[in-house]
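**Student:** Provided herewith is a single structure, encoded as structure tokens, for subsequent inquiry.
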Amino acid sequence: MRWIGLANPEGKRIAFFQEALAALGQPPARVVSWLDFLAEPEVLAAALAGEGGPTSLRIESTGKSFAVERELIALGADAELGDAERIDAAGARALAEDKGRVRFLRQRHEGFLVALTRIEAILAAQPEVQVMSPPSAIRLMFDKPRCHAACEAAGVPVPPALPGPIGSYAALREAMAAASLPRVFVKASHASSASGVIALATHPKDPRKVVATTTVELVRQEGQLLLYNSRKIRRYTREADVAAIVDALCREGVQVEAWLPKLRLGGKSSDLRCVVIGGRASHVVVRTSESPLTNLHLLNPRGDLEACQAQVGPEAWQRAMEACEAACAAVGAPLYAGVDLCMTRKGERAVLEVNAFGDLLPRVLVDGRDTYQAEVAAALAAA
């Protein structure tokens, strides 16, 4: 098999993939950088057209490269953005890095969609190429409202969602009251890694009392309101601050879901990240946290998997794994995807998200293989 990786060459994800190929006796992947592809899509077409047998394409995360982010923002400059923050292409390419700054979320996403469409056109001209995650599936997984709706339509258990679009904090509070939901998760529609996520709780007797737990830092600077994303969890209790953050996120698009009571494990809230590979639930980690946000990149500790399985019981665990598999099928059956699943205190289950690049689980082995090795094996079996 010839392997092509569309990735940031300096990233750890493509390094893990190369290690997996070597472990399974496969030749190293030819890496096409995201930055090169965004500048000239033909570099990917040329790489895929090379000789040497059947070819498999791995589309990797655009990662933390600011140069790539800048190009994606520029690529989305001509899209219809509604009330979202906008900048022209030249301005986007002139942006200075402001680490952690949450800006141009919708425009960046639109640029990413343009890139996916270009990949689809290349693959359409080379139908013999195997693609590990089709652009259509990636597109769906990066649109939280559409992904939630697709899972729900397929019968996958998901948290109840407020009907959208929700355009402001005031509209959010009205929708919460109408649905009798005092606690919700507000998620930026097209972000990842807990960026733009707020766990919002209101007081049942005093509607002015709110608590927002989030990774978002609110900065007021020279009359501007700036948002930054970091690993530090912050709590806001001034309604004016909460409204300012929610209003800014709503302009970029949000998905709002019921805040379900997560299973307690070792005195902490917990949920699961399950990587589905080849249609089967495979590598699983328990994510635990003192806060409502369990993402591992926030330095939250992994929980005891066996203790979690014992606490929920074999039947409930099997249903949870089946829900993860069904969610992956609902978004287009990519070769792999990371599914976030909540086991509630009442023994229920709900898929929270499906992540196109949710397979980065170092040191988690199943049958002696990590996620990348299992994915390579699945790609070979499917070829």
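**Student:** Specify which of the listed residues (273, 280, 319, 345) is touching a residue at least 24 places away in the same chain (Cβ under 8 Å), among the basic types (Lys, Arg) and either within 22 Å of residue 62 (Cα to Cα) or crowded, with 19+ Cβ neighbours inside 10 Å (or both).
**Tutor:** Residue meeting the stated conditions: 273.
**Student:** Report whether or not residue 121 is assigned by TED's automatic domain parsing to the domain that holds residue 87, surrounded by fewer than 16 Cβ atoms within 10 Å (Cβ to Cβ) and over 21 Å from residue 322 (Cβ atoms).
**Tutor:** Yes; evaluated as a whole, the condition is true for this residue.
**Student:** Can you confirm whether the range 129-136 contains a residue that is in a helix (DSSP H, G or I) and either under 17 Å from the mean Cα position of the chain (by Cα) or under 18 Å from residue 337 (Cβ atoms) (or both)?
**Tutor:** Among the residues of the range 129-136, at least one is in a helix (DSSP H, G or I) and either under 17 Å from the mean Cα position of the chain (by Cα) or under 18 Å from residue 337 (Cβ atoms) (or both), which makes the answer yes.
**Student:** I would also like to ask the following. Going by the conditions given, is residue 315 touching a strand residue (DSSP E or B) at 6+ places or on another chain (Cβ under 8 Å) and not assigned by TED's automatic domain parsing to the domain that holds residue 55?
**Tutor:** no
**Student:** Also, quick follow-up: Quick one: which of 337, 326, 356 is small (Gly, Ala, Ser), farther than 17 Å from residue 265 by Cβ and surrounded by fewer than 21 Cβ atoms within 10 Å (Cβ to Cβ)?
**Tutor:** 326
**Student:** So, in the range 305-348, exactly how many residues are among the polar types (S, T, N, Q) and not in a helix (DSSP H, G or I)?
**Tutor:** Within the range 305-348, residues that are among the polar types (S, T, N, Q) and not in a helix (DSSP H, G or I) number 1.
**Student:** If you take just the strands (runs of 3 or more DSSP E) that sit entirely in the range 181-237, which of them hold at least 2 residues that are of a type outside the set (A, V, I, L, M) and under 21 Å from residue 105 (Cα atoms)?
**Tutor:** 183-188, 210-221, 224-236
Here's the yes/no breakdown for (1) over 21 Å from the mean Cα position of the chain (by Cα); (2) at pLDDT 95 or above; (3) aliphatic (A, V, I, L, M):
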{"position": "39", "(1), (2), (3)": "yes, yes, yes"}
{"position": "45", "(1), (2), (3)": "yes, yes, yes"}
{"position": "52", "(1), (2), (3)": "yes, no, no"}
{"position": "59", "(1), (2), (3)": "no, yes, yes"}
{"position": "68", "(1), (2), (3)": "no, yes, yes"}
{"position": "88", "(1), (2), (3)": "yes, yes, no"}
{"position": "93", "(1), (2), (3)": "yes, yes, no"}
{"position": "117", "(1), (2), (3)": "no, yes, no"}
{"position": "123", "(1), (2), (3)": "yes, yes, yes"}
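**Student:** Going through the range 167-180 one residue at a time, which ones are under 24 Å from residue 351 (Cβ atoms), buried (at least 19 other Cβ atoms within 10 Å of the Cβ) and more than 23 Å from the chain's Cα centre (by Cα)?
**Tutor:** Across the range 167-180, the qualifying residue is only 176.
The values are calculated or read from the model by the stated rules, or taken from the named source; none is laboratory data. The model shown is predicted, which means the values in this text are computed figures rather than measured ones. Here Cβ is always computed from backbone atoms with ideal geometry, including for glycine, and neighbour counts include all displayed protein chains.
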